[in-house]
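Below is one structure; the comments refer to it alone.
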Amino acid sequence: MSTASVAVWGEFRARAVAVKRARSLPVWFLVVTLTIAAAGVVSWTTRPPVSMAVQEQSGQLIIRWTPGGSGRLEIRDGDFRAQVDIAPRLSALTYSRRTNDVSLTLIARGRRNSARFLSRAADAEQLAEDLSTLEIQARAARIQTESSLWRIAEMQRTANRLLAQIKPRDAETRAIANPPPRRRAAMTWWR
């Protein structure tokens, strides 16, 4: 073999080893990646499910769920939207509904659970009547409070007037009861 052919053979062999090493690196990378992914799937499937229950009581919704992690509760009540952050120890929430159709979505521990509360129209009408009755009672209480405040202010003004009349008389009474000591004329030594 000539030196030129030995040099070409050496280059070919060096390239073949480099290609072989380059191909073996992705195989190990692929094995490690698949192992991590499998562990993630196993941990995902072994998480306990997030359960949620919704119950109505006196026009309010009592929402309960399994505690154990922080999360978020999304509430859609007609045009009203709210998000409530959930502490790990919290397991229930009371919500005063505004419409007959309330959608709830609980997102906790990487899981989603949704519920929808639909109320009968008769219940909503009763709630509307109760609300108007309470508003009337609140207005009456406000009027009574304002009247009481006006009466208290009037009584305070009367008390102030009476005190103003008593103070000068009190000063006169004290002057009569306790007259100031008389001044004796200065005595001289020869008298």
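The values are calculated or read from the model by the stated rules, or taken from the named source; none is laboratory data. Model, not experiment: these values are computed from the prediction. In this analysis, Cβ positions are derived from the backbone assuming ideal geometry, glycine residues included, and neighbour counts consider all displayed protein chains.
Among the residues of the stretch 82-96, write down those that are under 10 Å from Arg72 (Cβ atoms) and either of a type in the set (Ser, Thr, Tyr) or in a loop (DSSP other than H, G, I, E, B) (or both).
none
Out of Gln126, Gln137, report the one residue that is of a type outside the set (A, V, I, L, M, F, W, C) and modelled with pLDDT of 85 or more.
Gln137
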